[in-house]
Amino acid sequence: MVWIAVICLLLGICCGLWIFPSEVSALISGLSDWILYLLMFLVGISVGLNKLAFRKIREYHLRILIIPFGIALGSVLGGILGGLVLGMPLCDSVPITAAMGWYSLSGVLMTDLSGPGAGAIAFLCNLLREILSFLLIPVIAKHLGYYAAMAPAGATSEDTTLPMFVRYTNEEIVVMAVLNGAICSALVPVLTPFLYRIFS
């Protein structure tokens, strides 16, 4: 999955450089909003189809929110620290990290908010977070605990990194990972533009 995303990005860059005329850019920008709506619709379907997740929500009530909100807060603080260290504007660095690994959405959102440069950085930053999650989840699960392993995964814990939770944790944590990913995914389209406006 990750390699497909990288290959698609590289193919898109090559098409933009050598194949498509510059007029195509306006068409792509117009379609990006509809692609974003489709992504959100598909996430909604995946959450709605998970009946076990809804049972866990009834069981844990508000406690279920501690992990995803903690991940969101850590991501925002990481964006502030990263922006200060790298000399990057906080209006770009903070919303980029607030995407919590959802690279396909963050690229579209940041392109709309701040331009193609920020969109490319958002895509690559969140793609790298997902790649690193595959390496970190087993280590964190073993040495820091199963719940802590959800932190690097962020929004990806319900889909692409879920097999890592299946392999290295237990059934209850797998359900929690799905819930965590769903809540983080729901936060991303709200947090990203909100934080962009706050730090602009």
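Between Leu49 and Arg197, how many nm apart are label points set 7 Å from Cα along the C-beta direction?
3.4 nm
Percent of accessible area on the chain owned by carbon and sulfur, 1.4 Å probe?
Taking all protein chains in place, the chain shows 76 percent carbon and sulfur surface.
Go ahead and estimate [θ] at 222 nm for the chain from helices alone: -39,500 (n - 2.57) per DSSP H run with n ≥ 4, summed, over the residue count, rounded to 500.
Working: 10 runs with 158 residues, N = 200.
Taking each H run of at least 4 residues, the total per residue is -26000 deg cm²/dmol.
Which value, in Å², gives the accessible area per residue of the stretch 48-200 when a 1.4 Å probe is used on the protein heavy atoms?
Counting only protein heavy atoms, the per-residue value for the stretch 48-200 is 48 Å².
Dividing the alpha-carbon radius of gyration of the chain by 2.2 N^0.38 Å (N being the number of residues), what value is obtained?
1.04
Expressed as a rounded percentage, what relative contact order does the chain have, with Cα pairs under 8 Å and six or more residues apart?
23 percent
Could you tell me how many degrees, from 0 to 90 and to the nearest 10, lie between the Cα long axis of helix 171-199 and the main elongation axis, the longest principal axis, of the Cα atoms of the chain?
40 degrees
Residue separation times 0.36 nm, minus the C-alpha to C-alpha distance between Leu144 and Cys8: what's the value?
45.5 nm
For a paramagnetic label modelled at 7 Å from the Cα of Ile28 toward its Cβ, which residues of the stretch 91-124 fall within the zone defined by backbone nitrogen distances under 14 Å?
Answer for the stretch 91-124: 107-109, 111-112, 115-121, 123.
The values are calculated or read from the model by the stated rules, or taken from the named source; none is laboratory data. Quantities reported herein were computed from a predicted structural model and do not represent experimental measurements. All Cβ positions, glycine included, derive from the backbone under ideal geometry; neighbour counts span all protein chains shown. Only protein heavy atoms, including side chains, enter the accessible area calculation; ligands, DNA and RNA are left aside. Shrake-Rupley method; radii C 1.70, N 1.55, O 1.52, S 1.80 Å.
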